[in-house]
1. How do the pairs read when you match residues in the range 27-46 that are of a type outside the set (A, V, I, L, M, F, W, C) with residues anywhere that are assigned to a helix (DSSP H, G or I), using Cβ under 7 Å and keeping only pairs 6 or more apart or on different chains?
2. Could you tell me whether Thr61 is of a type in the set (S, T, N, Q) and either at pLDDT 90 or above or within 29 Å of Asp133 (Cα to Cα) (or both)?
3. In the range 134-186, how many are over 21 Å from Pro118 (Cβ atoms) and either touching a His at 6+ places or on another chain (Cβ under 9 Å) or outside the structural domain of Lys216 (by TED's automatic domain parsing) (or both)?
4. Restricting the search to the range 149-199, which residues are acidic (Asp, Glu) and in contact (Cβ under 8 Å) with a residue 60 or more places away in the chain?
5. Where residues in the range 64-84 are surrounded by 15 or more Cβ atoms within 10 Å (Cβ to Cβ) and part of a loop (DSSP other than H, G, I, E, B), which of them is nearest to the chain's Cα centre (by Cα)?
6. Give the range 127-159 a look and list any residue that's of a type outside the set (D, E, K, R) and in contact with a Gly (Cβ under 9 Å, 6 or more places away or on another chain), or say none.
Amino acid sequence: MFLSLLASDTSLPPLHSLRSMILHELAPGRQDFRAALWACPALEKLWIETETIYDLAVSHTEVLPIPTGAVPSLTFICAPWRYLRIFLRHPSVRQVWTGEIPHDECLVYLQEIYGRKPQLTAISFTVVDALSDPSVVEFVLTRFRFLEELSVSSYNVTEQVYNRTLELLLTADLAPKLRKVSVKSYEPEVTAQKASIELSSRLRQKCPLLAYVFVKGMENVLEWTSGAT
């Protein structure tokens, strides 16, 4: 009903100033979804909630791209993969949150995202099970040249990924405007260690705009903020 209202009455003042919208996973499959987007010219953030119980119904729904010319200010999208891979074509999108990605398919997803939108400035995703392949983090940090923020989470992040992430931050050819990197494991509880003076100095020298780093593996946690001693 909400989408029908948006699609049928575009004269409502609140709709023209609406900047963020959260919709049910089935919403993009409705006939009035595209018309509703036209009713929100100031929309900047679009969230499509994920509900596992609707996977079968959603899988049979045709996904259409966001209409050309609609929501010209839309910069952020959080949506299930089947929607996100289509909505990425929208020209103004620069920030994405993919939700959960199977570990074995991470690189496949990221390569497709890069192929469709290499100019993304912020990428967030959660790896199902354990993040054990350092190339997942390496691909994002070294291929997306406009990247400013990376956020990766997983139930477990191996020490190999932890060590490789720090190595990349110190040695790789990173995006020049990179500001924030977070690669974190939900388990176990580990106390963060303070970055050494030498490490802090190297990070500042390597990435002048970098403001925050949080890397948490199974055994070690490093949290660093630019300006902290």
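The values are calculated or read from the model by the stated rules, or taken from the named source; none is laboratory data. Just so we're clear, the structure is a prediction, and the values are computed from it rather than from any experiment. Cβ placement follows ideal geometry from the backbone for every residue including glycine, while neighbour counts extend to all protein chains displayed.
1. Pro28/Tyr83; Gly29/Val58; Arg30/Leu3; Asp32/Leu3; Asp32/Ser4; Asp32/Ala7; Pro41/His16
2. Answer is no for this residue.
3. Result for the range 134-186: 1.
4. Glu159
5. For the range 64-84, the residue satisfying everything is Ala79.
6. Asn156, Val157, Thr158, listed by residue number.
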